[in-house]
Amino acid sequence: MKYSALNLLRNGLRHNRDWPEAWRHPEPKSHYDVIIVGGGGHGLATAYYLAKEHGLRNIAVLEKNWIGGGNTARNTTIVRSNYLWTEAALLYEKSMQLWEGLSNDLNYNVMFSQRGVYNLGHTLQDMRDIERRVSANRLNGLDAEIVTPDQLKRAIPALNTSASARYPILGASLQRRAGVARHDAVAWGFARAADALGVDIIEQCEVTGIERRNNKVTGVQTSRGHITADKVGVVVAGHASVLANMAGLRLPIQSHPLQAFVSEPLKPVLDTVVMSNAVHGYVSQSDKGELVIGAGIDAYNGYGQRGSFATIEHALQAIIELFPSFSRLRLLRLWGGIVDVCPDACPIISKTPVNGLYFNCGWGTGGFKATPGSGWAFAHTIARNRPHELNAPFSLDRFATGALVDEHGAAAVAH
Ligand code: FAD
Ligand code: PYC
C-alpha cells in the first residue's frame, strides 16, 4: 500500500491547507481525439483505461454538473458478480477482478470491502433459482455457495430466521468476494488517475448536441462552446436516451427513478449485505454506522431525482420483516437517481450506426459494481473500434437479432 499515515496526520494538523488539487480544471481545447460525455464513475474509468491501456492522451471528459454527482454518488455501493448467464457473469467478474486491485492501481483508497452478499430465498421456487444460479456461477469459476437458515442465523444474528415469520427464510446464496466500496472515492480515484495521465476533466460543461457529417461524428456542442473530436463515447446513465436523440438514434431504454435511504447511525450490527427479492428490500451498514436501505424502482418513467413514498414504505416493510429490531430506528435521509433500464436488464456497451460514436448505458439499477469493468471494456471498444469479446454480447445489435441476455433474476431486488 502506498498510503502514508504520516501524510494523513500532517495534512490533518494543517487543517488541509495547501493540499494540491486532486485534478486540474482546464479550459476545454478546441479538439480532442476522444470526448467522453458524462463524468460519472463509468465515464472517468473509460478515460482512465483509454489513457492507461491504449496510450491515448488527447482525451476530455465533459460533465454537465460535478464529477460523481450522478448515480455514482447516489447508489448503495453493492459490488458482486453472481449473474446467471455466462456472458453477464464474465463481464461482472472482470469488474470484480479489477475491484480487487483498484486501490493499488489508482493509488487511492476506494474502500472496497469484501464482506459478502447474501441473496435470501423464501419459497421453494426461490431456492430452485438460487441453486441454478449458484451452479451456473461455479461453472463459470465464480465463488458462490448455498447457506442454510442455521448458518444464516449464526452469521447474521439480527436476521429473523424464525420458521413462523410471514415469509420464512429457507436459505440463501452467498458470494463471499462480493461487498461494498466507497462510491465517491471511486469517482475521485479514477478522476485523479486519469488527470495524471493527461485527461482533461471539464465540469459544468453540458453537451447539448452531437455533430455529424456523412454519418461520422465530428464533435459536440456544449454549454461552453463547440468542440471537435474524432470519437465520442457517451456514458450518461439515466440520460442515455436524451443524448441518443441528439444523434438521431433511438435506444431500447426506459428511465426510472430509483430510491435509497439511510437510518440514523448505530453501532456495528450488520457486517455483510443482505438482499431479498421476495420481500423486496436490501440492507447493509455503512462505515459511518448508518443502515443503507433500498428496494425496487418506481414503476413510472421520469427524470426527477426523487420517487414516491409508496416505494419507501414498501422497502421499509421488507426490511422490518427481515430485521424486526430495526423498527426502532429513525430514517436520516433519502434520495433518488435516474436509472436506464434495458428490456433484458443488461447493459449496452457498443458501437452505434454513426461512425465514431459509442454508447455505454442501460446498467439500470446495477452499474456501480461494473464501474471498472465497464470502463475497461468501453475503452477497448472505442480505441479499437470493435468490442472486446467480454462486451460483444452487449452490443446494440442484440435488440435486432433477439440474442438478449435475460438477467432480471440476478439483477436482483432493485429491478
Ligand atoms: P452517473 O454517475 O449518473 O454518471 C453519468 C453522468 O453523466 C452524470 O454525472 C451526469 O451529470 C452526466 N450527464 C448527463 N447528461 C449529460 C450531458 N448532456 N452532458 C454532460 N454530462 C451529462 N449499482 C450497483 O451495482 N450496486 C448498487 O448497490 C446500486 N445501487 C443503486 C441505488 C440507487 C438509489 C441508484 C439510483 C442506483 C444504484 N445502482 C447500483 C446503479 C448505479 O448507480 C448506476 O448503474 C451507475 O452508477 C451508473 O454509472 P455512471 O457512471 O454511468 O452514472
Ligand atoms: O445490483 O446489487 C445490485 C443492486 C443492489 C441495489 C441496487 N442494485
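Structure summary
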| item | result |
| --- | --- |
| For peptides 12-24, 286-298, sequence by mean Cβ density within 10 Å, most packed first | 286-298, 12-24 |
| Contour excess over end-to-end distance, with Cα ends at Glu389 and Arg306 and 0.36 nm allotted per residue | 26.2 nm |
| Gap separating the Cα centres of the range 1-38 and the range 293-360, nearest whole Å | 31 |
| Cα-centred dipole magnitude for the chain, charges only on beta-carbon of K, R (+1) and D, E (-1), debye, nearest 20 | 500 |
| Largest-first principal axis extents, alpha carbons of the chain, Å | 66, 61, 40 |
| Highest to lowest packing among 152-158, 374-380, scored as the average C-beta count within 10 Å | 374-380, 152-158 |
| Order of Glu87, Glu131 under a 10 Å beta carbon neighbour criterion, fewest first | Glu131, Glu87 |
| Chain lengthening between Leu331 and Leu197 when straightened (0.36 nm per residue, less Cα-Cα) | 44.1 nm |
| In the range 324-415, the trypsin sites (Lys or Arg not before Pro) that fall in loop regions by DSSP, at most 12 other Cβ within 10 Å | Arg330 |
| Kirkwood Rh, angstrom, the range 1-115 [1 / mean 1/r, Cα pairs] | 17.0 |
| Pairwise label distance in nanometres, Arg17 with Arg176, each label 7 Å out on the Cα-Cβ vector | 5.0 |
| Of every Cα-Cα pair in the range 135-218, the percent that sits beyond 20 Å | 67 |
| Listed peptides 222-230, 207-215 by packing density, highest first (mean Cβ within 10 Å) | 222-230, 207-215 |
| Between helix 371-384 and the chain: long-axis angle, C-alpha atoms, 0 to 90°, nearest 10 | 30 |
| Per-residue ³J(HN,Hα) for the range 303-308, Karplus 6.51 cos²θ - 1.76 cosθ + 1.60, θ = phi - 60°, Hz, x for Gly and Pro | 10, x, 7, 7, x, 9 |
| Where only C-alpha atoms are counted, convex hull volume of the range 285-364 per residue in Å³ | 151 |
| Structure-based [θ]222 nm, the chain - -39500 (n - 2.57) summed over DSSP H runs of at least 4, per residue, nearest 500 | -9000 deg cm²/dmol |
| For the range 61-67, 3J(HN,Hα) per residue [Karplus equation, 6.51 cos²θ - 1.76 cosθ + 1.60, θ = phi - 60°, Hz, x = Gly/Pro] | 10, 9, 10, 6, 10, 10, 5 |
| Selected from Ala196, Gly289, Gln114, residue furthest toward positive end of dipole (the chain; charges at beta carbon) | Ala196 |
| Dipole of the chain, positive end: most advanced residue of Ala299, Ala414, Ala155 [Cβ charges, Cα centre] | Ala155 |
| Net charge dipole size for the range 1-120 [Lys, Arg +1 and Asp, Glu -1 on Cβ; Debye, nearest 20] | 400 |
| Spatially close lysines, pair count over the range 1-158: Cα under 30 Å, gap of eight or more or interchain | 7 |
| At R0 = 56 Å, FRET efficiency that the Cβ-Cβ distance of Asn214 and Leu266 yields, to 0.05 | 0.40 |
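Where a number appears in this text, it was derived from the coordinates with a stated rule and is not lab data. Source: prediction; values computed, not measured. Cβ: placed from backbone, ideal geometry, glycine included. Neighbour counts: every protein chain shown.
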